[in-house]
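To start, I am sharing the structure in question, which I have written as C-alpha cells.
The values are calculated or read from the model by the stated rules, or taken from the named source; none is laboratory data. Quantities reported herein were computed from a predicted structural model and do not represent experimental measurements. When we count neighbours, we look across all protein chains shown, and the Cβ atoms used for this are built from the backbone with ideal geometry, even at glycine.
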Amino acid sequence: MPSSLFTPVSLRDLHLRNRIVVSPMGMGLAEQGCATDWYLMHFGNLALSGAGLVMVGATGVSPQGRSSPHCLGLWNEAQVESFQPMLSFCRKHGDAKIGIQLQHSGRKGSVAPPYENLRFLREDEGGWTIVAPSPVAYPKRPVPKELTAAEIAGIVMDFGNAAKRAHDAGFDLLELHSAHGYLLHQFLSPLTNRRADAYGGSLRNRMRLPLEAFASVRAAWPERKPLGVRISATDWIDGGWTLEESIVFAQALAELGCDYVTASSGGISPDQKITVKPGYQVDFAAAIRREAKIKTVAVGLITEARQAEVILDEGKSDLVALGRGMIFNPRWAWHAAVELGEDYFYPPQYERSHPRMRSGDFLKPSMRA
C-alpha cells in the first residue's frame, strides 16, 4: 500500500511530490530586507531535502512589519531581485516547490534577531516605533502605539503589495502569518485587542483586519497559485484566543479562497501554559480540518516518519510540517522514504549516497525523476 506521506497532493495548480513541508523559519540574516548568500545556502540545501514544499519565513510587508532589522522584506524591488539567485538554484537543482510567508510583527517588532536574544532595539540602535491594535505591551517591552483606522488601511495595502512582489519574484505559494503573537494574531486575541471600534470587541470585529489582509492578498495573488494562513489555534491562556474561534476564523478564510490552514499555537504572551509532547498541536489541525472543511497542515514536534504517516492516515491533516527537526536533519525526507519503502527526489550528483549502493545495487533513473 502506498505511503500517505509520499502521496502527491495538489493545491490549486500547484502539484507537490509529497506531503512534507519545511516550516517557515526566520533566519535573521537579511540586509535591508534583501536575501543574502546565507539564504542561497540555506534554501538551496532544503530544496534538495526531498520535501514537497519549502517555506521562506517571516518576510515583512513593510520596514515596520519586520521583527528585527535583519529580517527579509518585500516592500521594494531590490528585495524582489535579491531572491533570484536562491530561487534560480532551487529551480535548477532541487525538486521542492518554494513558498514564502508574509508577516507584520506589530508589538513584537524592533528586536534583535533570536541569536542575539531578541533584545528590544531603540531607534538609535536601528529600531522603530512598534504598533499594535491597542496600547498593551508585550512583557518587558515598551507600550506600542495604537493603530489608527487609516494606518490599518495602509497595512492592508502593504500585504497586497507584498503579495504582488512575491509573485514577481517567482514564489509558488504564499502564506499569511497570523500566529505566534504577531500583528494579525494580536488583532484576533482579546488579550491584545481592546479596541472599541469596528476592529475590536466581538469575534467578527477582531477577525476584521486579518480577513481584510487576506482578501487584499488574495486579490493580488494569482488565482492559480495557492494561498494559506498560519494561525495560533489557541493562546493557551484563560480569556485568550480559542480553538473554537480558530474554527470560525478558518471557515471565514475558506469562504475568501484560503487553500489551507497551518495549525500552530501560542506566542501571544510568555504567560502561556503549554504541555509540550510529540504532536501536541496535531489535534488542532484535525479539529479545524473536520469542522471548517479546509485542508490543514499539522506542525509541532512531528519528528518520526511513522508518526507523520499515522497523522495523515487518520485524516488529522493533509500535510505535515517540520521546522527545527529539518534543520537538525536536512535529509529527514530521504530517511523517511527509505523507512517507508518509497522513492524520493535527489540530484544525480548524490545518487551514490543511497543505502542501496552499499550492496552495489544502482538506482533506477526513475527515482530521481
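Any residue in the range 204-222 that is among the hydrophobic types (A, V, I, L, M, F, W, C), in contact with a Lys or Arg (Cβ under 8 Å, 6 or more places away or on another chain), more than 18 Å from LYS97 (Cβ to Cβ) and touching a residue at least 40 places away in the same chain (Cβ under 8 Å)?
yes
Please indicate, with yes or no, whether at least one residue in the range 230-248 is over 22 Å from VAL21 (Cα atoms), touching a residue at least 60 places away in the same chain (Cβ under 8 Å) and crowded, with 24+ Cβ neighbours inside 10 Å.
Within the range 230-248, none of the residues are over 22 Å from VAL21 (Cα atoms), touching a residue at least 60 places away in the same chain (Cβ under 8 Å) and crowded, with 24+ Cβ neighbours inside 10 Å.
Checking the conditions here, which among ALA252, ALA308, ALA337 is surrounded by fewer than 22 Cβ atoms within 10 Å (Cβ to Cβ), closer than 26 Å to ARG12 by Cα and over 15 Å from the mean Cα position of the chain (by Cα)?
One residue alone meets the criteria, ALA252.
So, of the residues in the range 353-369 that are exposed (fewer than 10 other Cβ atoms within 10 Å of the Cβ), at pLDDT 50 or above and part of a helix (DSSP H, G or I), which turns out to be farthest from the chain's Cα centre (by Cα)?
Taking the candidates together, the pick is SER359.
Of all the residues that make up the range 325-348, how many are on the phi < 0 side of the Ramachandran plot and either free of Cβ contacts under 8 Å to residues at least 60 places away in the same chain or assigned to a loop (DSSP other than H, G, I, E, B) (or both)?
The number of residues fulfilling the criteria is 15.
Okay, residues lined up against (1) touching a Phe, Trp or Tyr at 6+ places or on another chain (Cβ under 6 Å); (2) surrounded by fewer than 22 Cβ atoms within 10 Å (Cβ to Cβ); (3) part of a loop (DSSP other than H, G, I, E, B); (4) of a type in the set (S, T, N, Q):
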residue	(1), (2), (3), (4)
ASP124	no, yes, no, no
PRO139	no, yes, yes, no
ALA153	no, yes, no, no
MET157	no, yes, no, no
ALA163	yes, no, no, no
ALA166	no, no, no, no
LEU174	yes, no, no, no
HIS177	no, no, no, no
HIS180	no, yes, yes, no
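Considering (1) out of contact with any strand residue (DSSP E or B) (no Cβ under 7 Å at 6 or more places or on another chain); (2) more than 21 Å from SER216 (Cβ to Cβ); (3) polar (S, T, N, Q); (4) surrounded by 14 or more Cβ atoms within 10 Å (Cβ to Cβ), say which one SER134 fails and leave the rest.
It is condition (1) that SER134 fails.
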